[in-house]
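Just below is one structure, and these are the notes that go with it.
Just so you know, all these numbers are worked out from the coordinates, no wet-lab data involved. Note that the structure is predicted; figures quoted are calculated from it, not measured. Cβ placement follows ideal geometry from the backbone for every residue including glycine, while neighbour counts extend to all protein chains displayed.
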Amino acid sequence: MMKEPLRHGMLVLLGAALFYATTAVSHASVTIMGSRIIYGSAASSVDVQLKNSDSFPYVVQTWFDDGDVNASPQDSSAVPFIATPPIFRIQPKAGQIVRIVYSKAKSLPQDRESVYWFNALQLPPANVGGEQKQNKMLVVMRTRIKLFYRPASLGQPGELVKKLQLKAVSDAKKGAGVEITNPNPWFASVSNLSARVNGINYAMTADMVAPFASRTFWLSGKAKAPQGKGSVNVTLVNDQGARMSEHYDVIWR
């Protein structure tokens, strides 16, 4: 799950200047229950639960994007999913159900998963703290989680972390890396990736590996590729948001 500040021009409801907070200094009060949305192809719709943990209401706007973090609600027409209601008021300490429907405006592959992103943006009321009659900063927070469209014929991914293929690679400029091949029809959501070579630990920037695709991750802080046997720890996030890890042995030559 990703929380981030609103980009300018994203919300048509806003007419005043707002302070855009980052997750480092702020936390969303309106949260999405669950870390991802799994939309099975046999489903007519999927419900997503949002909860307001604050003592005052918010206006929430929802939309989808296809991977562009800067996409606005106006850009969501390219995504074949519809959220209802798209804009709503969520009361203090209350919840709200958002229904997601596959519009079939775009045909999606049936031999693999497809991924989109669901956005929920919270806007606090302008009169919060108004009794103090002082200048205020309104914080607008956006939460963004993945939606996986899963054809029924694929079944469940199970222990996907054990079904990957890893290979050590090296590059004169980038140094040492690990190529991860995902020969499966499901996305491999890598949340953590690290290597140990010759007694030294290296971090790598984790990211998704698409179905039937390969992706290279480079060891940080190493200009020259190491030589010899090493181990790579891969951690994936499953459908329930739990983390599963597996060690792979690789050799840099």
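General observations
- FRET efficiency for the Met244 to Gln74 pair, using the beta carbon distance and R₀ = 41 Å, is estimated at 0.60.
- Val101 paired with Lys162, simple spin-label distance in nm, labels 7 Å along Cα-to-beta-carbon: 4.1
- Label sites at Val46 and Phe212, each approximated as a point 7 angstrom past Cα along Cα to Cβ, lie 2.1 nm apart.
- Cβ-derived FRET efficiency at R0 35 Å, Thr84 paired with Arg196, nearest 0.05: 0.10
- Rg/Rh for region 160-252 (Cα atoms only, Rh after Kirkwood) is 0.96.
- For region 168-212: rounded, prolate or oblate by the Cα gyration tensor [a/c cutoff 1.5]: prolate
- The string of couplings for region 86-98 from the Karplus curve (6.51, -1.76, 1.60, θ = phi - 60°) is x, 9, 7, 9, 10, 6, x, 6, 10, x, 8, 9, 10 Hz, one whole number per residue in order, with x for Gly and Pro.
- Candidates Pro185, Ala213, Asn233 compared by Cα position along the dipole of region 160-252: farthest toward the positive end lies Asn233, with charges placed on Cβ.
- In order along region 142-159, the Karplus-derived 3J(HN,Hα) couplings, from 6.51 cos²θ - 1.76 cosθ + 1.60 at θ = phi - 60°, round to 10, 10, 9, 10, 7, 10, 9, 8, 10, x, 4, 5, 6, x, 9, x, x, 8 Hz, and Gly and Pro are given as x.
- Mean Cβ count within 10 Å, highest first, over the residues of peptides 67-74, 195-202: 195-202, 67-74
- Note: relative contact order over region 160-252, using C-alpha pairs below 8 Å and six or more positions apart, is 32 percent.
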